[in-house]
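Remarks on the structure that follows.
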Amino acid sequence: MSKTSYKTKIINNHKEFEERIEKILQYAQEIVIDLPFKQQKFTIQEKHLILESLILRVCALWEKFLETELILVVGYDPSKLIEKMNIRNITKPNLSLIRAILFSDVFRDFHDIERSKSFFKKYIVNGYNCFNKISSNQVKKIQFIYTIRNYLSHYSEFAKRKLLDSYKKEYGLSRFLEPGQFLFVNNGKRFRDLVATLKFCSINMKTIFK
């Protein structure tokens, strides 16, 4: 596959992700402010639960986006992968081989974006490492999103304490709020701010391939 084909696939990956995130933002806004054309009305508790569910979906979409991006960017210039894995007899590995090399030895997740950036750096040529476009402020917001996600996934006391610590550190809150209640504040402003961060990350990242 040519570099032009890889670039097209990379841009399409961003476009698809950004469109999905935008649809989630629009849907959440309709739920929160009950636009006139929205016939079904939700209680406050139902709105909280829906926002929590959307956060889980956003995280799943983000991880799928990152996994696809990693494979495509490595394919765009596989020289660093070839050198690191000592596969010089294969100068143009296809996407299936790249996926197998990067993911077959161990389960990988992208919950910790800072740790993930270190992993990406091992296999992506510096000039094409779009993950470096994710700013430190965006990293903090993504980590906060995943603190919420971890609590919603486990409801453990440990996850609850971690989330409360993040509430205190990032928002100055002294008492625990369930994530849906926290995200609902100011007509869902916190939800919009956090979720839009992922869209802006994608927009910044793709500038390398424009």
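Every read-out reported here was derived from the displayed coordinates using simple, explicitly stated rules and does not represent laboratory data. In this text the structure is predicted, and so the values were computed from the model without any measurement. No Cβ is skipped: glycine too gets one built from the backbone with ideal geometry, and neighbour counts run over all protein chains shown.
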Assign unit charges at the C-beta atoms only (+1 for Lys and Arg, -1 for Asp and Glu), then state the dipole size of the stretch 1-113 relative to its Cα centre in Debye, rounded to the nearest 20.
500 debye
Taking only DSSP H segments of four or more residues, each worth -39500 (n - 2.57), what value at 222 nm results for the chain once the sum is divided by all its residues, to the nearest 500 deg cm²/dmol?
-24500 deg cm²/dmol
Which of the peptides 158-164, 178-184 is most tightly packed, and how do the rest follow, going by the mean number of other Cβ atoms within 10 Å of each residue?
178-184, 158-164
Suppose every K and R has +1 on its Cβ and every D and E has -1 on its Cβ; what is the size of the dipole of the stretch 60-210 about the Cα centre, in Debye to the nearest 20?
320 debye
Starting from the Cα of Lys121, draw a straight line to each of the aspartates and glutamates and keep only those under 19 Å, dropping any in the same chain fewer than 8 residues away.
Glu63, Glu67, Glu69, Asp77, Glu83, Asp105, Asp109, Asp112
Of Ala28, Phe131, Leu198, farthest towards positive along the dipole that unit charges on Lys, Arg, Asp, Glu beta carbons give the chain
Phe131
Note down the nm distance, to one decimal, between modelled labels 7 Å out along Cα→Cβ at Ile44 and at Leu95.
4.7 nm
Cα lying deepest toward the dipole's positive end in the chain, options Tyr151, Gly75, His48, charges on Cβ
Gly75
Report the one residue of Leu164, Pro93, Val185 whose Cα lies farthest in the direction of the positive end of the charge dipole of the stretch 3-209 (charges on C-beta: Lys and Arg +1, Asp and Glu -1; origin at the Cα centre).
Pro93
Say a paramagnetic label sat at a point 7 Å from the Cα of Lys162, along Cα to Cβ; which residues of the stretch 95-137 have their backbone N under 17 Å from it?
108-117
If you average the sequence gap of Cα pairs under 8 Å that are 6 or more apart and divide by the length of the chain, what percent do you get for the contact order?
33 percent
In order over the stretch 85-90: 3J(HN,Hα) from phi, Karplus 6.51/-1.76/1.60, θ = phi - 60°, whole Hz, x for each Gly or Pro, gives 9, 6, 10, 5, 6, 10
In Å, what is the Rg of the alpha-carbon atoms in the chain, and how long is Dmax?
19.2, 63
